[in-house]
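The values are calculated or read from the model by the stated rules, or taken from the named source; none is laboratory data. Keep in mind that what you see is a predicted model, and the values were worked out from it rather than measured. Neighbour counts run over all protein chains shown; Cβ positions are idealised from the backbone, glycine included.
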Amino acid sequence: MNKFNTSTPLYGEREIDSSELFCFDNPNTMRPYEISIELPEFTCKCPFSGYPDFAVIRLIYQPGLKVVELKSIKLYVNSYREKTISHEEAANKILDDLVQVSNPKWMQLEVDFNPRGNVHTVIKVTHGTRIIR
């Protein structure tokens, strides 16, 4: 008998599989401000070799009417762990999904992949216009 009472899939895997990106109302729509989020444990698989790729995701955005909820971002990012996807496609898809759910004034996503085979890749994608005051 399993002393931790776990089942397959494990509870974390079940949470990731059933998760959705969601938002809550921006508490201050009268002032432009920025939200910065770092997710240091992003993983996906190389579409050519199948080897794992590891990256740090840095998200900075100026919310519109909605703010993205943090746990939903964490679970969403974790869903990429078994996906076979290029660096470029991953960065653009993540940005597109975040923009679709939150409709920010401005958003920048940087995906800084760990070097592999003496190659270091950083993908930076943006949406909208940054308001600087």
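Quick notes on this one:
- Qualifying position, being surrounded by 13 or more Cβ atoms within 10 Å (Cβ to Cβ) and farther than 19 Å from residue 129 by Cβ, among 24, 113: 113
- Among (1) more than 28 Å from residue 24 (Cα to Cα); (2) surrounded by fewer than 19 Cβ atoms within 10 Å (Cβ to Cβ) - the single one residue 128 does not satisfy: (1)
- For region 80-110, a residue qualifies if it is within 10 Å of the chain's Cα centre (by Cα) and more than 25 Å from residue 26 (Cβ to Cβ), and the qualifying residues are 80, 90.
- Residue in region 41-60 that is closer than 22 Å to residue 16 by Cα, touching a Ser or Thr at 6+ places or on another chain (Cβ under 6 Å) and hydrophobic (A, V, I, L, M, F, W, C) present: yes
- Flag for residue 112 being assigned to a strand (DSSP E or B) and not hydroxyl-bearing (Ser, Thr, Tyr): yes
- Filter pass, residue 94 being at negative phi, at pLDDT 95 or above and buried (at least 19 other Cβ atoms within 10 Å of the Cβ): yes
- Among the numbered conditions (1) free of Cβ contacts under 8 Å to residues at least 40 places away in the same chain; (2) surrounded by 11 or more Cβ atoms within 10 Å (Cβ to Cβ); (3) over 18 Å from residue 120 (Cβ atoms), the only one that residue 52 does not meet is (3).
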